[in-house]
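This report concerns only the one structure given below.
The values are calculated or read from the model by the stated rules, or taken from the named source; none is laboratory data. Quick caveat, the model's predicted, so the values are computed rather than measured. When we count neighbours, we look across all protein chains shown, and the Cβ atoms used for this are built from the backbone with ideal geometry, even at glycine.
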Amino acid sequence: MSTKTQELYERRKRVVPTTLGIFTPTSAASAQGATIIDADGRELIDFAGGIGVLNAGHCPEPVVKAIQDQAAKLIHTCFPVSIYESYLDLAEKLATLFPHHAHDGDCTKVMMTNSGAEAVENAIKIARQATGRQAILCYLGAFHGRSMMAMTLTSKTALKLGCGPFAPEVYRLPFPAYNPRIHTASEAEFCQAHLDEIRKYFTTTVAAQHIAAIIIEPVQGEGGFYVVPKPYLQGLRQLCDETGILLIIDEVQSGFGRTGKWAAYEHYDIRPDISTWAKSMGSGMPIGCVIAKGSIIDSINPGTIGGTYLGNPVCCAAALATIQYMEHIDINALGVKIGSIIRKRFEEFHRKYPQHISDVRGLGAMLAFELSIGGDIAMPDSESCKKLIHFAAEQGLILLSAGLHSNVIRTLTPLVISEELLNRGLDIIEAGLKMLAG
Ligand SMILES: Cc1ncc(COP(=O)(O)O)c(C=O)c1O
């Protein structure tokens, strides 16, 4: 680590809680596209994108301009106090991009939030009130944030230690992580077995008529980039329709082009009843949202959702400019292109380093490989994962881990990254794998 960066970490030690994580030993003074300049003027290739926030890149010019213009005009009123155009412009855009209603006289409505966790909190409140039911089903490996309900829904115990009691009426299902390298059943059979288990669960654990919603990430983010198989999510949609359970899809990490579509759920030809968004929506400005069928969100009690800052004018302007810029650069095509380059290299790493890599998985540019001792998927190798991240940082690449065992390397690089820079980053990962292989 170089001098000025070291100095920053020394200052951090004195005034910042130690327990606030340090994911990579790097610093940042400025950034553009997929490149960060650190406090010492060193160039870093960004494969983290601020944890999936920068699909449109660091500081896209139209977004910076929209923030500057809006900040000069109006920074805050609190939307329920005095309404303003940027909120409505953004809500209209989101409702058009992500229609949740069928063509049955219903509509789609949007509530802005300040973060992904806040979107999840509100989605649950809305689902409970709309159904008059209390129970929520979530998944093993899920991550939905760090506020109390979101933390309850989150799976990894290391992220929850000592924080309980957690919210009641939350039930956890096994995640349908189909892997043709491991499972002998076909994907369809595997999914059917998982769906059958949910029906049994209604008898053994919690009655369907007691369940307000099932919340699921189409691609688990923090959980390690497991992709929900198509027959499963389609079956889940059907199950929800049959039982009146609402389907909440959490797109906080998978949305806005990351998987090659605006919404990862679009890969499944289904629509959620409620969805949650944040991260790349605002290019780093703190904004998220809950999108829901109008008939659902308008059925709840007044006063139960809200907040001082939600849908702040500057954040709304940033989000709208981000989406318009994403349309202009065809973010989904970039997601597909970047994803295919990364996948090809990751598969190659898997073939070359079978003693270290046990799996490659993901959707679009939301891709990861899993590190295991001796290449045995039952033996997670978090130590090697840590070493690889440190090696990469030394070589000028910001990398992130994921997974219940912190043994998964994931890529969330800005999708505007040039092929040259992307390949340079991938070369550093390969050099790191060579280092691990000794
Ligand atoms: C799928 C998912 N949901 C919710 C959240 C929480 O979002 P935030 O950190 O903005 O509260 C995250 C954050 O990583 C996430 O990946």
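Return yes or no: is Y226 touching a residue at least 40 places away in the same chain (Cβ under 8 Å), more than 16 Å from the ligand (Cβ to nearest atom) and more than 20 Å from V110 (Cβ to Cβ)?
The answer is no for Y226.
With respect to the numbered conditions (1) outside any helix (DSSP H, G or I); (2) within 22 Å of the chain's Cα centre (by Cα), which one is the sole condition not fulfilled by I377?
Here I377 clears every test but (2).
Does region 82-114 hold any residues that are closer than 25 Å to M148 by Cα and touching a Pro at 6+ places or on another chain (Cβ under 6 Å), and which are they?
Correct list: N114 only.
Could you give every pair whose Cβ atoms fall below 7 Å, whose first residue belongs to region 304-318 and is closer than 22 Å to Q129 by Cα, and whose second residue is surrounded by fewer than 16 Cβ atoms within 10 Å (Cβ to Cβ) and among the β-branched types (V, I, T), counting only separations of at least 6 or pairs across chains?
The qualifying pairs do not exist here.
Those residues that are in a strand (DSSP E or B) and under 17 Å from the mean Cα position of the chain (by Cα), I need them from region 332-368; list them, please. Working first, answer last.
Going through region 332-368, the residues in a strand (DSSP E or B) turn out to be 357-363, 366-368.
Result: R361, G362, L363, M366, L367, A368.
Modelled with pLDDT of 95 or more, surrounded by fewer than 18 Cβ atoms within 10 Å (Cβ to Cβ) and in a loop (DSSP other than H, G, I, E, B): does that describe T77?
So T77 passes the test.
Restricting region 249-272 to residues that are among the acidic types (D, E) and within 10 Å of the ligand (Cβ to nearest atom), which is surrounded by the fewest Cβ atoms within 10 Å (Cβ to Cβ)? Steps first, please.
First, pick out the residues of region 249-272 that are among the acidic types (D, E): 250-251, 266, 269.
Those still in the list that are within 10 Å of the ligand (Cβ to nearest atom) too: 250-251.
Working: D250: 32, E251: 30.
Ranking the candidates gives E251 first.
From G41, G49, grab the single residue that is in contact with a Ser or Thr (Cβ under 7 Å, 6 or more places away or on another chain) and not assigned by TED's automatic domain parsing to the domain that holds G260. Outline the logic, then answer.
Numbers: G41 fails: in contact with a Ser or Thr (Cβ under 7 Å, 6 or more places away or on another chain).
So the residue among G41, G49 that is in contact with a Ser or Thr (Cβ under 7 Å, 6 or more places away or on another chain) and not assigned by TED's automatic domain parsing to the domain that holds G260 is G49.
Name the one entry in G294, G288 that is in contact with an Asp or Glu (Cβ under 7 Å, 6 or more places away or on another chain), away from the ligand (no atom under 11 Å from the Cβ), small (G, A, S) and touching a residue at least 40 places away in the same chain (Cβ under 8 Å).
Among G294, G288, only G294 is in contact with an Asp or Glu (Cβ under 7 Å, 6 or more places away or on another chain), away from the ligand (no atom under 11 Å from the Cβ), small (G, A, S) and touching a residue at least 40 places away in the same chain (Cβ under 8 Å).
Need pairs with beta-carbon distance below 7 Å; first residue of a type in the set (D, E) and within region 242-264, second assigned to a loop (DSSP other than H, G, I, E, B); sequence gap 6+ or separate chains.
Close Cβ pairs satisfying both conditions: D250/H144; D250/E217; E251/A263.
At least 2 residues that are over 19 Å from the mean Cα position of the chain (by Cα) and not acidic (D, E) in each: list the strands (runs of 3 or more DSSP E) lying fully within region 167-274 that qualify.
170-173, 211-216
I'm trying to understand the selection: among the residues of region 134-166, which are of a type in the set (S, T, Y) and outside any loop (DSSP other than H, G, I, E, B)?
Residues satisfying the conditions are Y139, T152, T157.
Restricted to region 136-166, and to residues that are more than 21 Å from A213 (Cα to Cα) and among the aliphatic types (A, V, I, L, M), which residue is nearest to the chain's Cα centre (by Cα)?
By that ranking, first place goes to L159.
So, in region 138-165, exactly how many residues are away from the ligand (no atom under 16 Å from the Cβ) and either touching a residue at least 12 places away in the same chain (Cβ under 8 Å) or within 29 Å of I300 (Cα to Cα) (or both)?
Qualifying residue count, region 138-165: 2.
Mind checking which residues of region 87-125 are more than 16 Å from the ligand (Cβ to nearest atom) and assigned to a helix (DSSP H, G or I)?
Those that are more than 16 Å from the ligand (Cβ to nearest atom) and assigned to a helix (DSSP H, G or I): Y87, L88, D89, L90, A91, E92, K93, L94, A95, T96, L97.
Among Y84, Y9, which is the only one that is among the hydroxyl-bearing types (S, T, Y) and more than 28 Å from the chain's Cα centre (by Cα)?
Exactly one of Y84, Y9 is among the hydroxyl-bearing types (S, T, Y) and more than 28 Å from the chain's Cα centre (by Cα), namely Y84.
Out of all the residues in region 273-282, is one or more small (G, A, S) and more than 13 Å from the ligand (Cβ to nearest atom)?
Within region 273-282, not a single residue is small (G, A, S) and more than 13 Å from the ligand (Cβ to nearest atom).
In the set R128, R133, which member is more than 14 Å from the ligand (Cβ to nearest atom), in contact with a helix residue (DSSP H, G or I) (Cβ under 7 Å, 6 or more places away or on another chain) and within 18 Å of I211 (Cα to Cα)?
Working: R128 fails: in contact with a helix residue (DSSP H, G or I) (Cβ under 7 Å, 6 or more places away or on another chain).
Only one candidate qualifies: R133.
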